[in-house]
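Report on the following structure.
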Amino acid sequence: MGTGYADAVLSDGPLSLSDLDKAFPNQPVLVANISTLTGLVNSAGLKKLGITESTKAVSGFIVRDPKTGKLTGELIGMPYMEAFSRALGQYSEELTLKTYRKAESVFTPNGFTTAQSYEATPNDIRMMRLAIDKKVVALDLIALPTFDVVDQLLKTNPKYPFGSYSGGDRGFKVAGMMVPTDGAPQLRLGYFTKPFLDTTGFGEGWRGFQYYPQSLIDQCAQLAYKNNIQYFAYSNGDAGIDMTLAALEKAIRETGITEDRRPVISHSMFVREDQLAKYKKLRVMAILLVNHTWLYGDVYPRILGAERA
């Protein structure tokens, strides 16, 4: 496995399947992209994963060359995350806590006193709480699970203490509920009202990937407002942001709750001016992913056009 791969900053272009096959003809290899949503696998890796040209992707893409139909080795979304999980295997409790200590040695000298993990699983939550209880780390730790994990937590404890630190004003906490509407725009997975300029491999009129129907996003917002759980949306394209704003408006209207629940829209990448007015009205906090400008500043004009970029 290789990690930290940033194709956008390579001067001679991204890695290819043939590059990996030439270097590793027999050893299965997975290269994890820094975006955390995609990676590249060589032919030996595809074979080990059981991925063929006829394999269907669920909630994501197994990329094929649009001209030949052959696999390119690139996996996006769930196919990548499943491959990454299989390649990584299971960490022991001892090794997991060791990585926490190692991470803290990087965080604290750089002035960070809090670490947060988004899309936290039930096991992530258990390990983070354990790291605090056992005083493995002195950092404050925050877990941000997706809506399905929040459902599980509420079933085990209808009064689950969302937003409360285990040690009063510090320690460990589950911050709230994460609800994604769409994917990474640099991968052309952000959901937009107008098509991408470059739709190669996706088809004419491609506007991005809508993760879930509006009805599910509405249900999540209702659940958050009724249970006083802070709502953390993950929305990138302007159509994805529209989905979140519509859900929040509906939840406020139908529950009658007008107090400031501090909803968040991260990453708010391609928010429109008219949407910002709604942010203000609904008291939404925009968490802007500004480092994308450095990483993908050359990509956005090509795939979205100069104005949106």
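The values are calculated or read from the model by the stated rules, or taken from the named source; none is laboratory data. Note that this is a predicted model, so its numbers are computed, not measured. Every residue, glycine among them, receives a Cβ derived from its backbone with ideal geometry; neighbour counts consider all protein chains shown.
Just so you know, in segment 223-258 the residues that are crowded, with 16+ Cβ neighbours inside 10 Å and among the charged types (D, E, K, R) include one that is farthest from the chain's Cα centre (by Cα), and it is Lys250.
Taking the numbered list (1) modelled with pLDDT of 90 or more; (2) over 16 Å from the mean Cα position of the chain (by Cα); (3) more than 17 Å from Ala251 (Cα to Cα) in turn, Ser268 passes all entries but (2). Could you say whether any residue in segment 11-30 is assigned to a strand (DSSP E or B) and either in contact with a Leu (Cβ under 6 Å, 6 or more places away or on another chain) or over 17 Å from Met81 (Cβ atoms) (or both)? Taking every residue of segment 11-30 in turn, none turns out to be assigned to a strand (DSSP E or B) and either in contact with a Leu (Cβ under 6 Å, 6 or more places away or on another chain) or over 17 Å from Met81 (Cβ atoms) (or both). If only residues of segment 119-177 that are assigned to a loop (DSSP other than H, G, I, E, B) and among the aromatic types (Phe, Trp, Tyr) are counted, the one that is surrounded by the fewest Cβ atoms within 10 Å (Cβ to Cβ) is Tyr160. Of Arg126, Arg101, all but one fail to be within 21 Å of the chain's Cα centre (by Cα), farther than 30 Å from Lys48 by Cα and among the basic types (Lys, Arg); the exception is Arg126. Name the residues in segment 205-215 that are without any contact (Cβ under 8 Å) to a residue 12 or more places away in the chain and either more than 15 Å from Asp182 (Cα to Cα) or under 19 Å from the mean Cα position of the chain (by Cα) (or both), would you? The answer is Gly205, Pro213. Taking segment 83-100 as the range and being of a type in the set (Ser, Thr, Tyr) and either at pLDDT 95 or above or in a helix (DSSP H, G or I) (or both) as the test, the residues that pass are Ser85, Thr96, Thr99, Tyr100.
Pairing residues of segment 176-191 that are outside the structural domain of Ala239 (by TED's automatic domain parsing) with residues that are buried (at least 24 other Cβ atoms within 10 Å of the Cβ) and of a type in the set (Lys, Arg), at Cβ distances under 8 Å and at least 6 apart in sequence or on separate chains, gives no pairs at all.
Taking every residue in segment 256-277 that is within 17 Å of Ala309 (Cβ to Cβ) and pairing it with any residue that is among the charged types (D, E, K, R) and at pLDDT below 95, at least 6 positions away or on another chain, the pairs with Cβ-Cβ distances below 7 Å are Phe270/Arg308. Selection of segment 208-222 for residues being buried (at least 18 other Cβ atoms within 10 Å of the Cβ), touching a Lys or Arg at 6+ places or on another chain (Cβ under 9 Å) and at pLDDT 95 or above yields Gly208, Asp218, Ala221. Can you spot a residue in segment 51-61 that is β-branched (Val, Ile, Thr), under 28 Å from Gly297 (Cα atoms), under 24 Å from the mean Cα position of the chain (by Cα) and not in a strand (DSSP E or B)? Taking every residue of segment 51-61 in turn, none turns out to be β-branched (Val, Ile, Thr), under 28 Å from Gly297 (Cα atoms), under 24 Å from the mean Cα position of the chain (by Cα) and not in a strand (DSSP E or B). The residues on offer are Ala286, Ala224, Ala251, Ala247, and the sole one that is part of a helix (DSSP H, G or I) and either touching a strand residue (DSSP E or B) at 6+ places or on another chain (Cβ under 7 Å) or free of Cβ contacts under 8 Å to residues at least 24 places away in the same chain (or both) is Ala224.
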